[in-house]
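Chemist: This structure is in structure tokens; I'll ask about it shortly.
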Amino acid sequence: MTHILHRQIHATLPVAAGGKGIELFDRDGRAYIDASGGAAVSCLGHGHPDVTAALHAQADKLAYAHTSFFTNEPAETLADKLVAGAPQGISHAYFVSGGSEAVEAALKMARQFFVETGKPERRNVIARRQSYHGNTLGALAAGGNEWRRAQFRPLLIDTHHIDPCYAYRFQEAGESEEAYGLRAAQALEDKILELGPDTVMAFVAEPVVGATAGAVPAVPGYFGRIREICDRYGVLLILDEVMCGMGRTGTLHACEQDSVAPDLMTIAKGLGGGYQPIGAVLLSRRIFDAFAKGSGFFQHGHTYICHPMACAAALAVQEVIARDDLLANVRAMGAHLSRQLGERFGNHPHIGDIRGRGLFMGVELVEDRSTKAPFDPKLKLNTKIKREAMARGLLVYPAGGTIDGIRGDHVLLAPPFIIDATAIDAVVDRLGDAIDAALA
Ligand code: PLP
């Protein structure tokens, strides 16, 4: 009997005992291809010797020093590196222990920015229905996944949700992608005007929606118009790249492919690749200057911010990715994965959509392809696919999303950046068999 409170109380989980490259092994010696990196975390795969060596070296040198007394070398170097590769305008990094903490910090930075600049009436957050921004109360409030929010709603700060940009579900017949993108973005302007522009603090969105939708990118033009609208009304744009960022989509930041730069960006999973818990907020000069010229203080902080071990791990992960040009592999293998998924599922009667970017791909299951009607959630198809996949030595991330009563089943794939074509073929093969077995 375990004494750990697991997420699923009645599930019996195998014990993870080791990992090497793209595979994880359980205590009974079974191997699993890690085709989702957990939840899009293990971008370098498992047991990378350069990262474990960097961790050993850092542990020998300095494991921890509190930020009220010291800064530290790995954190300083990592911040320099992240700012050098960041979208235009980003000037500083703030290190935390994960994605939810990063979103919390970004929301507080947005709020403090307006307090420092004499606009304390700006407090409203706008986000999107189909989104996940974390499980702490602020991040949960920003997220638009009702299944996760429902019982905690009385504890959440007021956040206002608009429809997502989700072409498969919301683009109308005969409507061009461009027209749809502008229509979807218009929902933000309408909401700002409804709330009163002087009350709105920030708009939060994932450039490629992960956990609640299974790798849904926006259509071209959507984020460009979102940026214009934010600028027109002085609203800060927070892009949450906790899942889709740090190379996952084939560029370092997903928003590069939308030609848009945020005021604040959150990153996490692929930053440390799971070797240590770490997340960060990348903030623009404008926000930094407001703090520097104002109180000179960001009113926030956790015991483990700028953790030397976490920063050393992330630095090593990012150095390997750059040294081995792994983003080129993400692009090449992403194209291969997309082709293979198309071949296996293009005519599948219950796969409605295949989408994503780079090594961040999703398939959406539907009961009926012509009406796009989802399966009854009570069937728990997600769970069955996960179980069938594990039985075939494959780890995938089944995701569900609730959007105005539409709950779709999705499977998210986010394999390590080091994967090759043969392994991708095995992933698609096993996934196809797992889906068919679950449907049967
Ligand atoms: N934001 C996004 C987009 C995420 O996908 C997640 C986690 O899945 C989070 C925030 C929360 O990150 P964490 O689980 O590290 O707190």
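The values are calculated or read from the model by the stated rules, or taken from the named source; none is laboratory data. Treat the numbers as computed from the prediction; the structure is a model and nothing was measured. Here Cβ is always computed from backbone atoms with ideal geometry, including for glycine, and neighbour counts include all displayed protein chains.
Chemist: Among the candidates Gly245, Gly224, which residue alone is outside any helix (DSSP H, G or I) and either out of contact with any Cys (no Cβ under 6 Å at 6 or more places or on another chain) or under 27 Å from Val41 (Cβ atoms) (or both)? Working first, answer last.
Modeler: Details: Gly224 fails: outside any helix (DSSP H, G or I).
Within the list Gly245, Gly224, the selection yields Gly245.
Chemist: If we scan the stretch 283-290, do we find a residue that is closer than 24 Å to Glu319 by Cβ and crowded, with 18+ Cβ neighbours inside 10 Å?
Modeler: yes
Chemist: I would also like to ask the following. Being assigned by TED's automatic domain parsing to the domain that holds Thr136 and either part of a loop (DSSP other than H, G, I, E, B) or among the aliphatic types (A, V, I, L, M) (or both) is the requirement here; does Phe297 meet it?
Modeler: yes
Chemist: Here is a list: Ala106, Ala79, Ala59. Which entry is small (Gly, Ala, Ser) and over 19 Å from His300 (Cα atoms)?
Modeler: Ala59
Chemist: Now, a different point. Taking the stretch 23-78 on its own, how many of its residues are farther than 20 Å from Ala280 by Cβ and buried (at least 18 other Cβ atoms within 10 Å of the Cβ)?
Modeler: Residues meeting the conditions: 10.
Chemist: Of the residues that make up the stretch 51-73, is at least one within 16 Å of Gly270 (Cβ to Cβ) and either away from the ligand (no atom under 16 Å from the Cβ) or not β-branched (Val, Ile, Thr) (or both)?
Modeler: Within the stretch 51-73, one or more residues are within 16 Å of Gly270 (Cβ to Cβ) and either away from the ligand (no atom under 16 Å from the Cβ) or not β-branched (Val, Ile, Thr) (or both).
One line per residue, one yes/no per condition, for (1) buried (at least 20 other Cβ atoms within 10 Å of the Cβ); (2) within 16 Å of the ligand (Cβ to nearest atom); (3) part of a helix (DSSP H, G or I):
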{"site": "Arg169", "(1), (2), (3)": "yes, no, yes"}
{"site": "Gly174", "(1), (2), (3)": "no, no, no"}
{"site": "Gly181", "(1), (2), (3)": "yes, no, yes"}
{"site": "Ala184", "(1), (2), (3)": "yes, no, yes"}
{"site": "Asp190", "(1), (2), (3)": "no, no, yes"}
{"site": "Leu193", "(1), (2), (3)": "no, no, yes"}
{"site": "Asp198", "(1), (2), (3)": "no, no, yes"}
{"site": "Ala202", "(1), (2), (3)": "yes, yes, no"}
{"site": "Ala211", "(1), (2), (3)": "yes, yes, no"}
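Chemist: Pairs, please: C-beta under 8 Å, at least 6 apart or cross-chain, first residue modelled with pLDDT of 95 or more and in the stretch 191-209, second polar (S, T, N, Q) and not in a loop (DSSP other than H, G, I, E, B)?
Modeler: These pairs meet every condition: Leu195/Asn124; Thr199/Asn124; Val200/Asn124; Met201/Asn124; Pro207/Gln257.
Chemist: Separate question: Being among the charged types (D, E, K, R) and touching a Gly at 6+ places or on another chain (Cβ under 9 Å) is the requirement here; does Asp420 meet it?
Modeler: no
Chemist: Sticking with this one: What is the residue count in the stretch 131-158 for residues that are in contact with a helix residue (DSSP H, G or I) (Cβ under 9 Å, 6 or more places away or on another chain), more than 9 Å from the ligand (Cβ to nearest atom) and closer than 10 Å to Ala211 by Cβ?
Modeler: Total meeting the criteria: 1.
Chemist: Related question: I'd like the full set of residues that are within 15 Å of the ligand (Cβ to nearest atom) and closer than 23 Å to Pro197 by Cα, limited to the stretch 245-286.
Modeler: Once the filter is applied, which keeps residues that are within 15 Å of the ligand (Cβ to nearest atom) and closer than 23 Å to Pro197 by Cα, the stretch 245-286 yields Pro262, Leu264, Met265.
Chemist: Also, I was wondering about something else. Checking Arg286 against (1) modelled with pLDDT of 95 or more; (2) assigned to a loop (DSSP other than H, G, I, E, B); (3) not β-branched (Val, Ile, Thr), which test does it fail?
Modeler: Answer for Arg286: the failing condition is (2).
Chemist: Output the residues belonging to the stretch 144-163 that are touching a Phe, Trp or Tyr at 6+ places or on another chain (Cβ under 8 Å) and either modelled with pLDDT of 95 or more or surrounded by fewer than 21 Cβ atoms within 10 Å (Cβ to Cβ) (or both).
Modeler: Arg148, Asp163, listed by residue number.
Chemist: Can you find a residue in the stretch 235-244 that is at positive phi, away from the ligand (no atom under 12 Å from the Cβ) and modelled with pLDDT of 95 or more? Step through it out loud before you land on a result.
Modeler: Residues of the stretch 235-244 at positive phi: none.
No, that holds for no residue.
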